[in-house]
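Asks: Have a look at this one.
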Amino acid sequence: MSAVSLGDMARSFMLRRHTVDLKQNLQRLTNEAATGRISDTAARVSGDLGPIAGIDASLARLKGYSALTSEAGLSAGAMQTALGTIDSLATNLSNSLISTSTGGTVALIDAAGKDAEQKLQTALSVLNTRFGDRSLFSGTETSNAATVDSDTLLTALTTAVAGTLSAQDVETAVNNWFASPTGYDAVVYQGGDALAASAIAPGEEARIDITAKDPALRDTIKGLAMAALLNRGVLAGQSAGRLDLARRAGLNLLENKSDRTNVAARLGLVEAQIDAAATRNSNETSALQIARNGITEADPYETATRLDETEAQLEKIYALTARLSRLSLLDYLK
């Protein structure tokens, strides 16, 4: 049987082709060793990319939910802080008013009125708290401030109580004005309806529906404003009447405390729901990422072994090429 040999040109071409193949494999294996991921995902799954596409779609959806829960959680936290501030203002003022009403002097009543107007201004400012570019207590009208300023409110309320002769009359007029559609809701509140529920997880929604129009907040502003009327000359010259008005305003704020607590508790439940949803979404994201890594991840031990083998083969090709390049006709004839 005759032997078949390769010419110099053919042998040179064959060595170059092997060298190129080995270099490409070396580059691919080096990249896989560095990134920890296989270069040819389609080959790993035999061309069936459906599972990876499904995982990627779920991860993208969960990323969207993550942004929603993060924003909702921060908004709810900011609102909870605002509610706490308003409750603290109202509680402190109610204690001060009730204390002043029991034998307080004219100077103390005047001081209580000034304090009440200052606290009213602060409470309205807190209700106008913004998170990013959104007003938190404005409902759907997120670009608007939730309420007007305290001066606008007290000017309208002073007109409403004009002509009253006793603290009881003032209280009745204030109650009627705040309950009237043309009173607080029309003059003070500048927001819209409560926000609709928003998705926070697959198949789950949360609703933060507290606005400055909420009855508990409206009644708190009513108590603060009633006390602030003492600083606007209401019942001027009637020491007993002004003491009675301070007492009534203080009791109003004190009785409203349970309603403020209920609003904060309601918001707290939504905060807990958002936090639980965020935790579930995070856990699901981690599980999906682990599953995806299981498909696309390169085995570090196998990759290292094949990388060593490829380097050894390439070194042999280089050595063989160098040896063949030293051959000559004279060496062959010898």
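Asks: I200 passes all but one of (1) more than 29 Å from the chain's Cα centre (by Cα); (2) in a strand (DSSP E or B); which number fails?
Replies: All conditions pass for I200, except number (1).
Asks: Next up: Could you please find all residues in the range 192-226 being farther than 25 Å from A179 by Cβ, open to solvent by 50 Å² or more (accessible area, probe 1.4 Å) and out of contact with any Lys or Arg (no Cβ under 9 Å at 6 or more places or on another chain)?
Replies: Matches in the range 192-226: G203, E205, R207.
Asks: Something else: For the subset of the range 139-153 comprising residues that are closer than 13 Å to A225 by Cα and hydroxyl-bearing (S, T, Y), which member is surrounded by the fewest Cβ atoms within 10 Å (Cβ to Cβ)?
Replies: Across the range 139-153, the extreme among qualifying residues is T152.
Asks: A follow-up question, please. In the range 116-131, which residues are touching a residue at least 60 places away in the same chain (Cβ under 8 Å) and either surrounded by fewer than 17 Cβ atoms within 10 Å (Cβ to Cβ) or over 14 Å from V188 (Cβ atoms) (or both)?
Replies: Correct list: A116, E117, K119.
Asks: Among (1) surrounded by 15 or more Cβ atoms within 10 Å (Cβ to Cβ); (2) at pLDDT 95 or above, which single condition is G104 missing?
Replies: Of (1) surrounded by 15 or more Cβ atoms within 10 Å (Cβ to Cβ); (2) at pLDDT 95 or above, only one is false for G104: (2).
Asks: Going by what's in this entry, would V187 be described as farther than 26 Å from A265 by Cβ, part of a helix (DSSP H, G or I) and in contact (Cβ under 8 Å) with a residue 40 or more places away in the chain?
Replies: No, not satisfied.
Asks: Quickly run through the range 55-72 and pick out the residues that are open to solvent by 30 Å² or more (accessible area, probe 1.4 Å) and closer than 12 Å to A277 by Cβ.
Replies: Those that are open to solvent by 30 Å² or more (accessible area, probe 1.4 Å) and closer than 12 Å to A277 by Cβ: Y65, S66, L68, S70.
The values are calculated or read from the model by the stated rules, or taken from the named source; none is laboratory data. Predicted model only: the values in this text are computed from it and were never measured. Every residue, glycine as well, gets a Cβ built from its backbone with ideal geometry; the counts of neighbours run over all protein chains shown. The protein model used for the area step is the full one, side chains on, heavy atoms only, and it has no ligands, DNA or RNA in it. Shrake-Rupley method; radii C 1.70, N 1.55, O 1.52, S 1.80 Å.
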